[in-house]
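Student: Have a look at the structure that comes next, please.
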């Protein structure tokens with residue numbers, strides 16, 4: 001598993017409207033802790049850091065290399081409502097490049113769960129599931145199992161439905 005997947009970014013998530021994102025500067029600092037030789041590339045098209053499409057909107061492309069592994073990401077030049085901008089200015093292009101950098105870093109694992117709509121990194125999910133499995137196994141009656149089930153948040157309960165069902169069958173015998 002990538003070292004970046006294990007990092008809990010929840011304290012560094014910023015909100016803009018209903019969107020969650022990571023600061024590119026914080027994300028890049030985390031990358032450099034893992035690989036001081038990491039680098040990123042902003043791709044150019046005819047000397048410009050943006051390619052213009054037929055409708056006059058633009059796309060930017062960034063590649064990130066960490067420990068020899070290169071990931072590449074494309075992102076449209078967007079406004080504050082996450083809508084494509086026609087004839088974007090330099091500020092909008094630069095903002096999209098840095099958003100693309102953060103997204104490309106996520107492809108390496110850092111904060112990837114934000115894009116997946118999750119709210120915990122993979123390492124913590126594994127830890128929570130292991131603890132939940134142990135708690136389910138420790139239940140000696142169906143009443144204990146039901147009590148455990150009802151004390152858990154919905155997100156945790158839904159992850160353990162099959163384990164609860166299997167344990168309930170065991171206890172019914």
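The values are calculated or read from the model by the stated rules, or taken from the named source; none is laboratory data. If you're wondering where the values come from, they're calculated on a predicted model, not measured in any experiment. Note that each Cβ is placed from the backbone with ideal geometry, even for glycine, and that neighbours are counted across all protein chains shown.
Student: Test residue 40 against the criterion of being more than 24 Å from the chain's Cα centre (by Cα) and under 17 Å from residue 100 (Cβ atoms), and give yes or no. Even if it seems obvious, please write down each step before you answer.
Tutor: Working: more than 24 Å from the chain's Cα centre (by Cα): no; under 17 Å from residue 100 (Cβ atoms): yes.
In short, no.
Student: A further question on this structure: Go through (1) in contact (Cβ under 8 Å) with a residue 40 or more places away in the chain; (2) surrounded by fewer than 17 Cβ atoms within 10 Å (Cβ to Cβ); (3) closer than 20 Å to residue 93 by Cα; (4) touching a helix residue (DSSP H, G or I) at 6+ places or on another chain (Cβ under 8 Å) one by one and return the number of the condition residue 19 breaks.
Tutor: (4)
Student: Hey, among the residues in region 31-57 that are more than 21 Å from residue 86 (Cα to Cα) and in contact with a strand residue (DSSP E or B) (Cβ under 9 Å, 6 or more places away or on another chain), which one's surrounded by the fewest Cβ atoms within 10 Å (Cβ to Cβ)? Spell out how you get there, then give the answer.
Tutor: Taking region 31-57 as the starting set, the residues that turn out to be more than 21 Å from residue 86 (Cα to Cα) are 31-41.
Now restrict to residues that are in contact with a strand residue (DSSP E or B) (Cβ under 9 Å, 6 or more places away or on another chain): 31, 34-35, 37-41.
On the way: 31: 23, 34: 16, 35: 16, 37: 9, 38: 18, 39: 11, 40: 19, 41: 14.
Selected residue: 37.
Student: Checking residue 82 against (1) in the same structural domain as residue 40 (by TED's automatic domain parsing); (2) modelled with pLDDT under 85; (3) surrounded by 14 or more Cβ atoms within 10 Å (Cβ to Cβ): exactly one of these is not met. Which one?
Tutor: (3)
Student: If you take the residues of region 1-11 that are touching a residue at least 40 places away in the same chain (Cβ under 8 Å) and part of a helix (DSSP H, G or I), which of them is nearest to the chain's Cα centre (by Cα)? Let's see the steps before the verdict.
Tutor: Applying the first criterion (touching a residue at least 40 places away in the same chain (Cβ under 8 Å)) to region 1-11 yields 1-10.
Next, from what is left, pick out any that are part of a helix (DSSP H, G or I): 3-6, 10.
Details: 3: 14, 4: 10, 5: 9, 6: 11, 10: 10 Å.
Ranking the candidates gives 5 first.
Student: So, restricting to strands (runs of 3 or more DSSP E) that lie completely within region 26-120, which ones have at least 3 residues that are in contact (Cβ under 8 Å) with a residue 40 or more places away in the chain and touching a helix residue (DSSP H, G or I) at 6+ places or on another chain (Cβ under 8 Å)? Talk me through it step by step, then tell me what you get.
Tutor: Values: elements: 39-42, 58-66, 69-76.
Correct list: 58-66.
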